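Worksheet for the structure shown next.
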Amino acid sequence: MIGRGVVIALVVLLADFVSPQGAVAQTATTSTGPEFEVGAKVGISKVVGSRHPAAFNPGVDLTIWLPSGLAFGVDVEYRQETTPPPFPLKQRVTTVPVLGRVMYRMTGDRTRLYTGVGGGAYVLLTSTRISGGINIDRGSVRDTGLGAHGLVGVETRVLRRANLVLETRFGFVRVAPNYSFHYSYGMVTALAGVRFR
């Protein structure tokens with residue numbers, strides 16, 4: 001679903017580009033009320049200290065910008081990685097972060113910097129496959145973690161209704177599994193996308 005949202009966003013961006021009113025050179029209007037932006041983005045995320053490669057990380061977001069430069073947003077993302085411990089154990093971890101954020105955007109014409117903080121829930125589904133000889137055992141465990149993050153980003157107006165966004169997020173997640181111990185990890189995420197208003 002998230003991947004489909006990214007494709008739809010690119011189609012809308014192309015339609016705006018071919019529109020006669022979609023020129024970048026068009027003068028921007030000054031907003032006197034809240035601005036609502038819907039975005040789609042793709043990127044990579046890496047667990048700090050992990051020996052596993054970075055995971056593909058698409059997502060969608062909704063942001064409400066106030067005239068003061070303050071903003072409130074919600075992000076839903078998806079990431080999946082396969083951990084390759086020594087044979088015969090193989091795990092696939094799917095994570096769906098549902099995050100809220102508060103941001104502040106510096107003033108500017110076409111290009112504006114923003115920064116913020118946020119947090120939310122991380123839903124993890126861990127699938128395990130153990131095979132050895134004739135014994136095969138499969139199982140899956142669903143856990144929920146809570147996390148917080150800081151972020152910095154830049155957005156540039158590329159079309160009349162669209163902004164190109166580059167963003168980096170530094171987060172910390174604490175997971176309470178369905179068994180006795182807890183674990184925590186840090187994560188770095190880099191994203192690029194488009195927000196439409």
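Derivation of every value follows stated rules applied to the coordinates shown; laboratory data play no part. Worth saying up front: this structure is predicted, and the values here are computed from it rather than measured. Here the Cβ is made from the backbone with ideal geometry for all residues, glycine too, and neighbour counts use every protein chain on show.
Within the shell of other residues whose beta carbon sits under 11 angstrom from the beta carbon of Gly59, the net charge comes to -1, with Lys and Arg scored +1 and Asp and Glu -1. Karplus-derived 3J(HN,Hα) values for the range 35-48, using 6.51 cos²θ - 1.76 cosθ + 1.60 with θ = phi - 60°, are 10, 9, 10, 10, x, 10, 8, 9, x, 10, 9, 9, 6, 5 Hz; glycine and proline are entered as x. Enclosing the Cα atoms of the range 140-197 in their convex hull gives a volume equal to 107 cubic angstrom per residue.
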